[in-house]
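Novice: Have a look at this one before I ask anything.
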Amino acid sequence: MKPFLLLSHRPEDVEAQREYDDIARFAGLGSGQLEQLRLEQTSCGINLDRYSGIFIGGGPFNASDREKSPLQVRVEIDLVEVARRAIELDYPLFGLCYGMGILALATDAVADRSYGENASAPWLEITDEGARDPLLTQLPRRLRAFTGHKEAMSVAPSDATVLVTGEACPIQMVRLGENVYSTQFHPELDADSLANRLLAYQHCGYFPQGEVTQTVSWARSTKIGGEVHLILRRFVERYAR
């Protein structure tokens, strides 16, 4: 099997490794089946034919940031180029949270601060189109997932299919073509993973200042169903080649 590739940009070694481990675990990828390219360290020049598919990970950047460092600008240029190539070729790609912002930059979508969500675990709704999608078929039409983001798509790409919606954030999962996906929620996180990430990014505005202990305690005690993690495994099973 050709490996999958995770495009990361988290500057912290520990968090970059945790993201890799979480995706590999819930996607069912073993040793050597998931490679990681850390874009905060190197520019992105990849041969898509080497991989079964690509994951775009999250991190501290937002597509809608008004001020962007040279590093952020370069990372976004690299990721937008990958996203546009994937869309053009209908190549298997799965964006996680920040991936929604990248797809917005790569298309005619809009990502802004209208529908940000503090760290939470809302109930989400699979749309009729989503219920027919190979990654979501036969899952419960209502599922709970972890979220936490400053920006979100307020307008989906004109040729996208919205697969999952939410009350506080209406566009939670989209598909472009047949093989390009992105979620606003986090199918790669369980309770412990979220708690660790909240501790690492406690000063980044994902929950009110001064509520670290309460928020982390909430995260560790909140359980979500395994069906949300199944989305990643289905992506891998569908596109492994």
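The values are calculated or read from the model by the stated rules, or taken from the named source; none is laboratory data. These figures come from a predicted structure and were not determined experimentally. Glycine also receives a Cβ, built like all others from the backbone with ideal geometry; neighbour counts cover every protein chain displayed.
Novice: On the given criteria, is residue 48 under 18 Å from residue 236 (Cα atoms) and touching a Lys or Arg at 6+ places or on another chain (Cβ under 8 Å)?
Specialist: The answer is yes for residue 48.
Novice: Does at least one position in the stretch 107-118 carry a residue that is touching a strand residue (DSSP E or B) at 6+ places or on another chain (Cβ under 9 Å), in contact (Cβ under 8 Å) with a residue 60 or more places away in the chain and among the hydroxyl-bearing types (Ser, Thr, Tyr)?
Specialist: yes
Novice: Scanning the stretch 169-188 for residues that are closer than 17 Å to residue 239 by Cβ and in contact with a His (Cβ under 8 Å, 6 or more places away or on another chain), which turns out surrounded by the fewest Cβ atoms within 10 Å (Cβ to Cβ)?
Specialist: That would be 187.
Novice: Continuing with this model, one more query. Just wondering, is there one or more residues in the stretch 52-59 that are farther than 21 Å from residue 101 by Cβ and either of a type in the set (A, V, I, L, M) or free of Cβ contacts under 8 Å to residues at least 12 places away in the same chain (or both)?
Specialist: No, that holds for no residue.
Novice: So which residues in the stretch 20-39 are in contact with a strand residue (DSSP E or B) (Cβ under 8 Å, 6 or more places away or on another chain) and not aromatic (Phe, Trp, Tyr)?
Specialist: Of everything in the stretch 20-39, those that are in contact with a strand residue (DSSP E or B) (Cβ under 8 Å, 6 or more places away or on another chain) and not aromatic (Phe, Trp, Tyr) turn out to be 23, 24, 27, 29, 33, 34, 35, 36, 37, 38, 39.
Novice: Restricting to the stretch 135-157, and then to whatever is within 26 Å of residue 61 (Cβ to Cβ) and polar (S, T, N, Q), can you tell me which residue is modelled with the highest pLDDT?
Specialist: Within the stretch 135-157, the match that is modelled with the highest pLDDT is 154.
Residues are listed down the side, and each one gets a yes or a no for (1) touching an Asp or Glu at 6+ places or on another chain (Cβ under 6 Å); (2) farther than 26 Å from residue 193 by Cα; (3) buried (at least 21 other Cβ atoms within 10 Å of the Cβ); (4) not β-branched (Val, Ile, Thr):
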position	(1), (2), (3), (4)
16	no, no, no, yes
24	no, no, yes, yes
29	no, no, yes, yes
49	no, yes, no, yes
